[in-house]
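Here's the structure we're looking at; comments come further down.
The values are calculated or read from the model by the stated rules, or taken from the named source; none is laboratory data. As the structure is a prediction and not an experimental result, all values here were calculated from the model. So basically every Cβ, Gly included, is an ideal-geometry build from the backbone, and we count neighbours across all protein chains shown.
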C-alpha cells in the first residue's frame, strides 16, 4: 500500500504538488489521470526517489521514503513514457545491462532476464538490435526492463503510446496478467482514458497539484452503467431465470453490467424473455464514461504546457 | 565497481556499433592530423625541400643582374624563373595577381650601377619585389631577407674586387674577407636531455598541438550521449535504480578517457608511420613514454571535464555541440595551436596561458619536442588536472541546480 500525507513539491514559484493526501491499494491497478502539467510526473518521480519532496510523508509497502529509499527503489520500478533503452544494443544486451545495474549477476541475472522475456514474449527477438525492432517490440522491451527486479510496485507512464492496436491490446493484457499473477501494484498513467477504464480498478485524477478524485472505477463510472430493462411478466415467469454473466434482477427490472454488455449475453437474455413470454416495457442503455467524469473535474479548456 | 565495468562495456559497444561516432572519434582526428601534418610542413620549416617559385624580370640585362638571379637560383629556398625578354612590370604584376607566382623580382635599369657601388643610395631602388598578399608574413620576410642578403653579398663582393689591391696591400684576402662576413649562423636546438642537436621537423612541431586540439572534440560525443540519455529516459531509469550518480558518471568518464587514449594513440601512429609514407616528416615520441602517457591522460581528463560542463550547461544537444566546437577553436587559437604564440602580439601572448589547450600543447611539446621527462611536465599536468576538477565541480553544481 502506498500512503501519501501532505506531500508538497514546488519548482521555484510553481506549485507542482500542493500538499496531497492519497492512498493507493496494494495489488491493484490504479489509473493516474491528469492534464499536462497536473503533477503526475512529479508525483511518480517522488515515489520512485528520482525527485526529492519539499515536505510530507510517504509510506510505500511499509517503507518510509525518507529513511528507506534504497529498499523502496529495490521493490519498485518505473517504465518511462519514452523508450528508455539503448538502440544500438540488442534486446538481450539491454536486459543484461539493466539487470546488471540492478545488481544481478550470474544465474540470478539469467533468471531475471528469462522472467522478463517470458512475460513480454520477447524470446524470438533477443538478438535483434533494439533500435531496429518495431515500435511494439520496443515498448515491450521498455516494459521488460521494468520487470527485471520483479517489482512489487510498477509505475507505467504511457506504456502504449505510439503502438498499433494489436500491440496495445497485447501490452494491456500483459499488464493485467502481471498484476493478476504476481500481485504487482501498478500505477498506470495514460492519456488514453479508455485504457484506464479498461484495466484500472482504482482511479486517481490529479490537477493543479491537487487530488480531485480517488475512488474505485466501479464508483467513478457508476454501478448503474450498462443495459437496464423493465419487463412485464407474471412473477413465476421471472423465477429460475437463467444466470447470465453480469445480469442482476430487482423485481421487474433487469440490469446487465456494462463490462458484460456483449452480443452473446444480450441474445441470451432476449431468447429467455421470448421463451418465457416476457415482454419488454422499457429498455435503456446507461453509459457513464470516465472521460466525462475526467473532463467535468478538470474542466474542458485546453491545457497547453508552458 | 562491477556496475561501472558494465557501464563502460555498454558505452564502448554503443560507440563501436555506431559508425558515425567511430568516424567522429577516431577517423576524423587521425585524418585531421594527416592532412595538417602534410599541408603545414612549410609553416615551421626553414629547411624545407619545398622551393618558393619566384619570377625574375631582368630589365637591366647586366652582368650584375644576371649574377643576382643566378645566385638566388642556387639558394635552397628559391626556384627562380627568368621571364622572357620583353616581359614588363605590368606582366609580372599580373602573374602575381593571378596566382601564377607568389613573388616577382624586378631588376630595373640602373641595377648594375647600384650593385657596383656599395656607397650608392639611389633615389629610387632599382629592385622591386611584387608579393602576393595572401602570402604569410613570416614567409614574405624570409624571402625578402634572403634577397637582400644576396644583393648585399654581391655588392660587397664587387666593392672588395674593386679594392682588391688595397686590401692586398694591408694584408687582407678578398675572398677570405667575403667568406668571413657570409658565415651562416648555426642554430643549436636545446633539448632537456642535452643530446646532440637534431633539427625538429614540421610534423614534430605541429602534431602534438593538433593532437591536443582534436582531443577537446570529445565534447561532441559527450554532448550527444548526454542529451540522448536525458531525452530518451535512460538517465532517469538508471537514477530510479539503486545506482549512485557517481557510478553512472564514473563509468562514462572512464569510457571517454579510454577513447581519448585510443584517439591519441591513433593520431601518434599516423604521425609516426603514415605521414612519412606520404612524403611528410615522421615524429618521435621523446625519451619519456611515461611522460607522454601522463600528459595525454591529463589532456584527456581536462577535455572530458570541459565536455561535461558544456553539456550540462547547454539547453540542447545542438547548442552544446555548436558551443563546444566554437569554444575549442577559440581556445586553440588563443593557446597557440593554430598560430604559434611567438608570432602573436604581446597581449595575445599574455592571455595564451588562459587557454586550456595551451597547457596541453606545452606539455606535449615538452615531451615530444624538447625530450622532457615527467618532472618537466608537472606544472602543465597540475594546471590541467586542477582546471578539470574545477570544471567537474561546476558541472556538478549545474546538475544539482538544474535538477538534471
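Here are some notes:
- Selection from the stretch A:72-93 of residues that are more than 9 Å from chain B (Cβ to nearest Cβ) and free of Cβ contacts under 8 Å to residues at least 60 places away in the same chain: A:72, A:90, A:91, A:92
- Residue count for the stretch B:275-318, restricted to those that are part of a helix (DSSP H, G or I) and surrounded by 17 or more Cβ atoms within 10 Å (Cβ to Cβ): 23
- Helices (runs of 4 or more DSSP H) fully within the stretch A:211-282 that include at least 2 residues being in contact with a strand residue (DSSP E or B) (Cβ under 8 Å, 6 or more places away or on another chain): A:217-221, A:263-276.
- Residue A:41 in contact with a helix residue (DSSP H, G or I) (Cβ under 8 Å, 6 or more places away or on another chain) and in contact (Cβ under 8 Å) with a residue 24 or more places away in the chain: no
- Top-ranked residue in the stretch A:8-37 [being more than 18 Å from the chain's Cα centre (by Cα) and surrounded by 21 or more Cβ atoms within 10 Å (Cβ to Cβ); ranked as farthest from the other protein chains (Cβ to nearest Cβ)]: A:17
- Within the stretch B:7-33, the set of residues being closer than 16 Å to residue B:249 by Cα, within 10 Å of another protein chain (Cβ to nearest Cβ) and surrounded by fewer than 19 Cβ atoms within 10 Å (Cβ to Cβ) comprises B:9 only.
- In the stretch A:109-122 there is at least one residue that is modelled with pLDDT of 90 or more, in a helix (DSSP H, G or I) and within 12 Å of chain B (Cβ to nearest Cβ).
- In the stretch A:45-58, of all residues being surrounded by fewer than 17 Cβ atoms within 10 Å (Cβ to Cβ) and not in a loop (DSSP other than H, G, I, E, B), the one that is nearest to the other protein chains (Cβ to nearest Cβ) corresponds to A:55.
- Counting only helices (runs of 4 or more DSSP H) wholly contained in the stretch B:199-267, the ones carrying 3 or more residues that are surrounded by fewer than 23 Cβ atoms within 10 Å (Cβ to Cβ) and within 14 Å of chain A (Cβ to nearest Cβ) occupy B:219-232, B:234-240.
- Close pairs (7 angstrom Cβ cut-off, 6 or more residues apart or separate chains): on the phi < 0 side of the Ramachandran plot in the stretch B:73-88, in a loop (DSSP other than H, G, I, E, B) anywhere: B:77/B:51; B:78/B:51; B:79/B:51
- Test: residue in the stretch A:146-169 that is in a helix (DSSP H, G or I) and either buried (at least 23 other Cβ atoms within 10 Å of the Cβ) or at pLDDT 90 or above (or both): yes
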